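Reviewing the structure listed below.
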Amino acid sequence: MLSTVFNAFNLILTLIVLLGGVALMAVRRKEHERASVVGMAGCIVLLVGGVVSIVFSFLTPSLVDSMGYGGYQTLAFILGAISMLMQAIGTGLLIAAVVMPRKPQPQQGAPGAWQQGWQPQGQPEWQPGPQPGQPGQPGWQPGPQQQPPGWQTPPQPPFGPGQS
């Protein structure tokens, strides 16, 4: 009796996870297209197999009473084979969805990713104009040389460069 309760709890928990998987793949369908559809199909196949297993486990006592032990064994063998086949197909579909190729998505922080968006027709892309304070522009003055953090100027020989 206790093992039946644990089996039922395990199946119900698995069904909840599979329903969550179907919902998540339905929400992300636009981003992953075919992979989401294949993943949903895998989850649905596993869901159907789980429902059949739950129903069969709860109907076991009445099936033994009505069919006899010999008839029940035959039915249990057939449903076990169907359940095993559904598990293999559902798991295979989920694995196929994971390894299925997807369209490359532009990365958020990647250089040039912002340029792939909408451009008004007939207008060229924006180009930065001259900025005051740049070399070759009016108002430019050389500033102190900045070195990267942690960089030290190599020591100079005491008699100047090139002399020993």
*asked:* Report every pair of residues separated by at least 6 positions or lying on different chains whose Cβ atoms are under 7 Å apart, first residue within the stretch 49-70 and closer than 21 Å to Phe6 by Cβ, second polar (S, T, N, Q) and surrounded by 15 or more Cβ atoms within 10 Å (Cβ to Cβ).
replied: Gly49/Ser83; Gly49/Gln87; Gly50/Thr14; Val52/Ser83; Ser53/Ser83
_Return the residues of the stretch 79-93 that are over 12 Å from Val52 (Cα atoms) and in contact (Cβ under 8 Å) with a residue 12 or more places away in the chain; say none if nothing qualifies._
Ile89, Gly90, Thr91, Gly92, Leu93
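Residue by residue, here is whether (1) among the β-branched types (Val, Ile, Thr); (2) within 14 Å of Leu11 (Cα to Cα); (3) part of a helix (DSSP H, G or I); (4) under 22 Å from the mean Cα position of the chain (by Cα) holds:
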residue: Val38; (1), (2), (3), (4): yes, no, yes, yes
residue: Ala41; (1), (2), (3), (4): no, no, yes, yes
residue: Ile54; (1), (2), (3), (4): yes, yes, yes, no
residue: Phe58; (1), (2), (3), (4): no, yes, yes, no
residue: Thr74; (1), (2), (3), (4): yes, no, yes, no
residue: Phe77; (1), (2), (3), (4): no, no, yes, no
residue: Ser83; (1), (2), (3), (4): no, yes, yes, no
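Every read-out reported here was derived from the displayed coordinates using simple, explicitly stated rules and does not represent laboratory data. In this text, all values refer to a predicted model and were calculated from it rather than measured experimentally. Positions of Cβ are backbone-derived with ideal geometry, glycine not excepted, and every protein chain shown enters the neighbour counts.
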